Structures are given as C-alpha cells and as structure tokens.
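Asker: I am attaching a structure below and will ask some questions about it afterwards.
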C-alpha cells in the first residue's frame, strides 16, 4: 500500500519525460483556453440578450381592455 504513491510519482515523471507528456499538457492548455473563451462569449451574449429582451418588454403596451 505504501508503494502506490511511489509508483504513481514514477509514472508521472516517466510520462512527462516522454514526448507524450508535453503534448498532453499543450492540449490541456488549449482546451482550457477554449473553455474560457466560450464561457466569456456565452456570458456576454447572455447579458446582451437579457438587456434586449428587457428593453423590448418595457416598450410593449398591454392590450386595451375592450379588445
């Protein structure tokens, strides 16, 4: 049971020494940047959409009582 952390550490070191490690890290960084850009875009569009619907809703008048 005490050997597990040592083996896990050795696996991480070997993984990072190979060329697969840096490539995986690069892909992870690119994925993180894409996620940040998507969240920022969705937040901005959501705020713009909310303000547009609020403006349109405030400009609408209720129908007349006899109609």
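Throughout, read-outs are computed from the coordinates displayed, never taken from laboratory work. All of these numbers come straight from a predicted model, not from anything done at the bench. Here Cβ is always computed from backbone atoms with ideal geometry, including for glycine, and neighbour counts include all displayed protein chains.
Asker: With label points built 7 Å along Cα→Cβ from the Cα atoms of residue 10 and residue 51, find their separation and express it in nm.
Answerer: Reported label-point gap for residue 10 and residue 51 is 5.9 nm.
Asker: Averaged over every viewing direction, what's the projected area of the C-alpha convex hull for the chain? Give it in nm², one decimal, please.
Answerer: 9.8 nm²
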